[in-house]
2 protein chains.
Amino acid sequence: MRGAVIHAPGDVRFEQLAEPKIEQPADAIIRTVATCVCGSDLWPYRGLEPIGDPHPMGHEYVGVVEEVGSEVTAVKPGQFVVGSFATSDNTCANCRNGWQSNCLHREFMSTCQAEHVRIPNAQGTLVATPEHPDAGFVPGLLAVSDVMGTGWYAALAAEVKPGSTAVVVGDGAVGLCGVIAAKELGAERIIAMSRHESRQKLATEFGATDIVTERGDEGVAAIKDRTGGIGADAVLECVGTAESMRQALRSARPGGNVGFVGVPHDVRIAGDELFFSHVGLRGGPAPVRRYLPDLIDRVLSGRIDPGRVFDLTLPLEQVAEGYRAMDERRAIKALLTP
Amino acid sequence: MRGAVIHAPGDVRFEQLAEPKIEQPADAIIRTVATCVCGSDLWPYRGLEPIGDPHPMGHEYVGVVEEVGSEVTAVKPGQFVVGSFATSDNTCANCRNGWQSNCLHREFMSTCQAEHVRIPNAQGTLVATPEHPDAGFVPGLLAVSDVMGTGWYAALAAEVKPGSTAVVVGDGAVGLCGVIAAKELGAERIIAMSRHESRQKLATEFGATDIVTERGDEGVAAIKDRTGGIGADAVLECVGTAESMRQALRSARPGGNVGFVGVPHDVRIAGDELFFSHVGLRGGPAPVRRYLPDLIDRVLSGRIDPGRVFDLTLPLEQVAEGYRAMDERRAIKALLTP
């Protein structure tokens, strides 16, 4: 089979690879129906994270089960399934507490930009749809496997409630899905921080009531201006830089909450500033598995359409162009079809 | 009147001071019935915080109202009152959200180790007891004005719930009150980290089910040993050093919470470690005013007795000995009576 391999910054190739095989009794093999490029894939692509030896890429996927290991009873060959970028047995203490992305047997997916994928912990990771979905739902279901699940977690970690004022820092696919989540959770006012016209437009269509283009201290001041001087109830940090985290923390009101889902790069939080702010903070890789049944249902019922974050669709063999388009901000997110 | 003045590290004197006067219409003057020395007073006393010019000390108090400004209707002369170390108008947006210790007109108290005290924002800060309490309740009510209110907030910020496993880092008066709070909020298991026999004993009497004497990595390992390998649901950080914060964060389970109430000194939190831990974090000066009616009731009904953290009572004029005894760990907390 064939799939993407990163060799060096800026160098992603579509290559012949070994066919994945069942290795453990809880594994499954899927035939990929759609996969995509993630904002976090751009960190190594841009040389901001070490790459080491050439290796496959990709952690977002929907597909059809081809084969299952002897312990897998939750899904069967032929079913259309959605998973998560973090696999989970869904039985350990952390999974039972709802933190499947911290499963004691977690493996992060990393070979999904390919025609076939081995899913470890398939028994606890994969959720089948009631039937094979219409093609129009595939992008939305693919989004659920990562960016929509992550935006959902960001909104929950930020404790968005009915009537909340929410701020979304970051206008990538996760931030845009965070707007959807804030809206679904009942936020009355949703302030999206964005400088890109196409993303502003999508944010507004997803439910943003305000757009703020300022950043840094000016961005914080603009949020304060719109929130009676004290800041927002809930802030979704969807970038992961020191500047975006600072902006998020300073945009929340005393007693408000920041949910942070951008993987932090060189972020250090001053204890005394956090202390005197009274802001609550929770982040991490989203426990997508916890939300899968609910989010799949919201997509299939047409209640949400997070698939709209994909503004570029390419054949999988053009995966390198997907990386380029996102790196150059010509695309929000590239969907790849084998 | 007379009160405590700090001149230099280790040098607290009891001196003649100007009588406080009503300065603003929302002020009140109280005659102090009891005050005390706080663990946080030891930071400047030990030379770990700058002192600057000699200045009065003290932020914990109960007393009898002597005089009120023209806007004060909530309390009247002759009433016994309990306040908070942070004053609040109790009407601004932050107060209405329940964050009175972040009141837009907040003033931190700093002159309470004295015979008379001016209370700014008295209208929103002071709560009168139904009648003058018996002497036996005075230490408990004094504790409510800071350490018990702070322990209560720590337990709420750590999201202690019925059935929780809670860890308390720090065996000072706040930590011991945190044990009381965790017990009242329904924690099933309360692990107190303490190396001092008298404090271990009090923690156990307050409801601690386990005592852990190890610190640092060994302390974390001891907590993991007692929590099925994953860590505690709720951790109360009641110290404020980089080491205690690290220990607290690493003692919480994935998805657990740390409430931090020790004023942070040189604490910096690594964003990536916090991210992958999934631990929620909230701290700050406790919004004691929010809890005053409830905590006063719990003390006067005999349900809790946080006054037991005072293991040394001195006449106010011996305030310097109170500092010495706490600095040398001969006392957990010194109560001072004018």
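Observations on the structure shown:
- Among residues of segment B:125-134, those that are aliphatic (A, V, I, L, M) and crowded, with 24+ Cβ neighbours inside 10 Å, counted: 1
- Here segment A:135-165 is the region considered, the condition is being of a type in the set (A, V, I, L, M) and surrounded by fewer than 24 Cβ atoms within 10 Å (Cβ to Cβ), and the residue that is farthest from the other protein chains (Cβ to nearest Cβ) is A:135.
Results for (1) farther than 25 Å from residue B:75 by Cα; (2) open to solvent by 50 Å² or more (accessible area, probe 1.4 Å), shown as yes or no for each residue.
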site	(1), (2)
B:294	no, yes
B:297	no, yes
B:300	no, yes
B:306	no, no
B:311	yes, yes
B:317	yes, yes
B:331	yes, no
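- Tally of residues being at positive phi and in contact (Cβ under 8 Å) with a residue 60 or more places away in the chain across segment A:263-272: 0
- The set of residues from segment A:106-117 being of a type outside the set (D, E, K, R) and either within 22 Å of residue B:257 (Cα to Cα) or open to solvent by less than 40 Å² (accessible area, probe 1.4 Å) (or both) comprises A:109, A:112, A:113, A:114, A:116, A:117.
- Segment A:205-261, subset among the small types (Gly, Ala, Ser) and in a helix (DSSP H, G or I), residue surrounded by the most Cβ atoms within 10 Å (Cβ to Cβ): A:248
- Pick from segment B:304-321, criterion more than 19 Å from the chain's Cα centre (by Cα) and charged (D, E, K, R), ranking: nearest to the other protein chains (Cβ to nearest Cβ): B:321
- Filter result (free of Cβ contacts under 8 Å to residues at least 24 places away in the same chain and open to solvent by 20 Å² or more (accessible area, probe 1.4 Å)) within segment B:77-99: B:77, B:78, B:93, B:96, B:97
- Segments classed as helices (runs of 4 or more DSSP H), wholly inside segment A:106-165, with at least 2 members that are more than 16 Å from the chain's Cα centre (by Cα): A:122-125
- Top-ranked residue in segment B:166-198 [being closer than 17 Å to residue B:147 by Cα and among the charged types (D, E, K, R); ranked as nearest to the chain's Cα centre (by Cα)]: B:171
- Flag not set for residue A:235, criterion: within 13 Å of chain B (Cβ to nearest Cβ), of a type in the set (Val, Ile, Thr) and in contact (Cβ under 8 Å) with a residue 12 or more places away in the chain.
- Check on residue A:41, of a type in the set (Asp, Glu) and under 30 Å from residue B:232 (Cα atoms): no
- Residues within segment A:175-198 that are buried (at least 24 other Cβ atoms within 10 Å of the Cβ) and in a helix (DSSP H, G or I), tallied: 8
- Test for residue B:172: is it crowded, with 20+ Cβ neighbours inside 10 Å, farther than 30 Å from residue B:196 by Cβ and more than 14 Å from every other protein chain (Cβ to nearest Cβ): no
- Residues satisfying the criterion are absent from segment A:50-61 (criterion: in contact with a Leu (Cβ under 7 Å, 6 or more places away or on another chain), small (Gly, Ala, Ser) and assigned to a loop (DSSP other than H, G, I, E, B)).
- Inspection of segment B:273-289 finds a residue satisfying the criterion of being touching a Ser or Thr at 6+ places or on another chain (Cβ under 6 Å), in contact (Cβ under 8 Å) with a residue 12 or more places away in the chain and at the interface with another protein chain (Cβ under 9 Å from one of its Cβ atoms).
- For first residues located in segment A:130-142 and assigned by TED's automatic domain parsing to the domain that holds residue A:302, partners that are open to solvent by less than 70 Å² (accessible area, probe 1.4 Å) and of a type in the set (Phe, Trp, Tyr) and lie 6+ apart or on another chain with Cβ distances below 7 Å form the pairs A:132/A:80; A:133/A:80; A:139/A:310.
- Of all residues making up segment A:49-76, the number that are open to solvent by less than 10 Å² (accessible area, probe 1.4 Å), among the small types (Gly, Ala, Ser) and closer than 19 Å to residue A:132 by Cβ: 1
The values are calculated or read from the model by the stated rules, or taken from the named source; none is laboratory data. The model shown is predicted, which means the values in this text are computed figures rather than measured ones. Positions of Cβ are backbone-derived with ideal geometry, glycine not excepted, and every protein chain shown enters the neighbour counts. Keep in mind that these areas ignore ligands, DNA and RNA; they rest on the heavy atoms of the full protein, side chains included. Shrake-Rupley method; radii C 1.70, N 1.55, O 1.52, S 1.80 Å.
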